[in-house]
Amino acid sequence: MSRLFGTSGVRGLWGERASPSLFLELGKALAVHLGNSGRVLVGRDTRTTGEALQAALVSGLLAGGCKVIQVGVVPTPVLAFCTKLLGADAGAIVTASHNPPQYNGVKFWSADGMAFTPEEERRIEDLVEKNPKGVEWSKVGETGEANILPVYSGEILSRFSLGRSFKVVVDCGNGAASLIAPHLLRELGCEVISLHSHPSGFPGRELEPLPSNLQHLEEGVKQWGADLGIAYDGDADRVVAVDEKGRTVEGDKLLALVAGQETKKGDTVVTTVDASRVIEDVVESRGGRVVRTKVGDVSVALACREHCASFGGEECGAWIFPKIHLAPDGILGSVVLLKILESGKSLSQLWEELPNYAIRREKVYCPENEKAERMERILQTAEKMGGEVSTVDGVRVSMPEGWILVRPSGTEPLIRITVEGKEEKWIRETMEKIVRILATK
Ligand code: MG
């Protein structure tokens with residue numbers, strides 16, 4: 001059987017991987033994984049197909065003997081947080097994150113509020129393949145309902161307050177953030193203007209919060225003279241920011257600002273191998289250190305736990321605040337962005353104060369069966385370059401002039417190359433050299 005789980009849960013097109021029949025099997029498999037008992041929190045994002053897939057998943061869990069608490073439309077981080085807080089044995093969120101509306105998927109959460117590890121996902125896949133029958137009739141589970149949005153908001157409001165009021169434009173992309181983000185920010189004393197905040201399955205913009213999808217937000221921030229613009233992806237585990245001039249802040253720089261906010265002397269911060277070195281500049285200037293891990297939010301969460309990190313984040317806006325919980329949390333991320341603005345400096349000032357690096361990304365075609373040999377060639381070259389070599393994810397070389405990352409794609413016949421440095425000439429020459437080595441037969 002081909003793998004069901006990708007880098008972030010099961011994901012696919014409606015009727016293909018996102019089908020009620022597969023979700024029924026996934027529900028039964030999760031029930032067996034939990035010992036055919038226990039309580040599972042189940043929620044979904046705003047996609048049109050969410051209810052049908054949730055019903056199938058719930059049916060499988062009940063048939064497998066679990067009790068299910070249905071929580072309706074909630075952001076992924078709210079479900080993860082409440083799985084732990086409410087003492088559930090697992091959580092499941094039906095979502096395809098930032099993918100277009102014809103996609104859907106599911107992501108599982110452990111009792112400790114962390115995403116399933118690759119090992120746990122592998123076990124679910126094995127169980128699906130075994131096609132478990134379910135428990136006898138008298139042991140079939142039952143459902144209940146809970147409104148967990150106020151539980152989550154209450155926890156955040158008990159931990160955070162703002163020293164002043166801000167004017168904020170919030171773009172929920174008609175996703176799961178619609179039901180909580182504008183209200184929570186108002187509770188924190190902000191003047192909130194919401195965009196695309198009706199929780200329909202028909203987004204007013206594409207769900208991935210890329211600058212090209214955020215013109216409404218950028219224009220809105222300028223037009224209304226707001227201090228900050230905020231946008232989420234479909235399930236609100238990611239957040240991006242627009243400064244008061246209406247410009248979407250570069251992901252690497254926003255990551256560095258948030259990492260700086262969460263760093264005290266002696267702290268460890270986790271990020272992935274592909275993030276800019278600007279995060280090291282900021283974190284080290286505050287007496288912290290940066291640990292780099294594999295790309296993907298589960299790798300970041302695992303590293304946060306291992307290193308007792310104060311913060312973990314990716315350039316795409318998936319940020320983990322381990323003092324609160326171990327799931328990437330866009331809602332919490334927006335609160336932290338406002339805490340940063342309490343300093344009195346505008347977001348554009350804070351952004352422009354950061355060091356500038358040039359970064360270039362390229363990809364080279366490479367058939368699957370040649371990836372290992374070409375990566376070995378890159379590793380040999382890297383070891384001769386005299387820098388610090390890491391093989392945490394692909395091959396990464398760190399040198400005084402900058403750094404190079406070469407990673408094979410997990411899903412396409414490609415090898416991706418990233419080069420970052422201070423000097424354009426060094427970046428260009430280094431990129432040419434790496435492409436030449438990879439392209440040579
Ligand atoms: Mg997401």
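The values are calculated or read from the model by the stated rules, or taken from the named source; none is laboratory data. These figures come from a predicted structure and were not determined experimentally. Please note: Cβ atoms are built from the backbone with ideal geometry, for glycine as well, and neighbour counts cover all protein chains shown. Note: areas computed on protein heavy atoms with side chains; ligands, DNA, RNA excluded. Shrake-Rupley method; radii C 1.70, N 1.55, O 1.52, S 1.80 Å.
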If you add up the charges near residue 76, with Lys and Arg at +1 and Asp and Glu at -1, over every other residue whose beta carbon is less than 11 angstrom from its beta carbon, what do you get?
-> -3
Taking only C-alpha positions in region 358-439, Rg and Dmax in angstrom work out to 11.8, 35
Take every Cα-Cα distance within region 86-195, group them into 5 Å bins from 0 onward, and report for each bin the whole-number percent of pairs it holds.
-> 2, 8, 12, 15, 18, 15, 12, 8, 5, 3, 2, 0
For residue 372 and residue 352, FRET efficiency with R0 = 51 Å and r from the beta-carbon atoms, rounded to 0.05?
-> 0.75
Between residue 289 and residue 412, what is the spin-label point distance in nm, taking each point 7 Å from the Cα along the Cα→C-beta axis?
-> 3.6
FRET efficiency for residue 130 and residue 16, Cβ-Cβ distance as r, R0 = 22 Å, nearest 0.05?
-> 0.50
Cα point-scatterer Debye curve for the chain, base-10 log of I(q)/I(0) at q = 0.07, 0.10, 0.14 Å⁻¹ | -0.36, -0.73, -1.33
Peptides ranked, highest mean first, by Cβ atoms within 10 Å: ranges 341-347, 430-436 | 430-436, 341-347
Interatomic Cα distance distribution for region 160-352, bins of 10 angstrom, percent | 10, 39, 36, 14, 1
Rank-order 358-371, 103-116 by packing density, defined as the average count of other C-beta atoms within 10 Å over each peptide's residues, highest first.
-> 103-116, 358-371
Return the FRET efficiency for the residue pair residue 151, residue 384: r is the Cβ-Cβ distance, R0 is 56 Å, and the value is rounded to the nearest 0.05.
-> 0.50
So what is the relative contact order of region 5-147, in percent, for Cα pairs below 8 Å that sit 6 or more residues apart?
-> 33
With each label point set 7 Å from Cα along the Cα-Cβ vector, what nm distance links residue 423 and residue 391?
-> 3.0
Added length on full extension, which subtracts the Cα-Cα distance from 0.36 nm per residue, residue 439 to residue 162 = 94.4 nm
If one computes the Cα centroid of region 348-386 and of region 248-324, what distance in Å separates the two points?
-> 19
Magnitude of the charge dipole, region 1-74, Cβ model with Lys/Arg +1 and Asp/Glu -1, debye to 20 = 140
Over all viewing directions the Cα convex hull of region 274-388 casts an average projected area in nm² of 9.9
Percent RCO, i.e. relative contact order, over the chain, from Cα pairs under 8 Å lying at least 6 residues apart | 12
How much length, in nm to one decimal, is gained on full extension between residue 67 and residue 187, taken as 0.36 nm per residue of separation minus their Cα-Cα distance?
-> 39.9 nm
What the Cα atoms of region 5-147 span along the principal axes, largest first and in whole Å, is 40, 32, 27
Charge tally for neighbours of residue 396 with beta carbon under 10 Å away, counting Lys, Arg as +1 and Asp, Glu as -1, is -1
Residue separation between residue 7 and residue 323 times 0.36 nm, minus their alpha-carbon distance, gives in nm 111.3 nm
As a check on your grasp of the helix formula, calculate [θ] at 222 nm for the chain: sum -39500 (n - 2.57) over DSSP H runs of n ≥ 4, divide by the residue count, round to the nearest 500.
-> -11000 deg cm²/dmol
What are the lysines whose alpha-carbon lies under 18 Å from the alpha-carbon of residue 133, with same-chain residues fewer than 8 places away excluded?
-> 28, 67
At 1.4 Å probe size, with no ligands or nucleic acids counted, give the accessible surface of residue 216 in Å², nearest ten.
-> 100
Here, residue 142 and residue 345, labelled 7 Å along Cα→Cβ, have an inter-label distance in nm of 5.7
Hits in region 6-34: amide N under 18 Å from the 7 Å Cα→Cβ extension of residue 119, namely 33-34
Alpha carbon centre of region 29-98 versus region 5-26: separation in Å?
-> 14
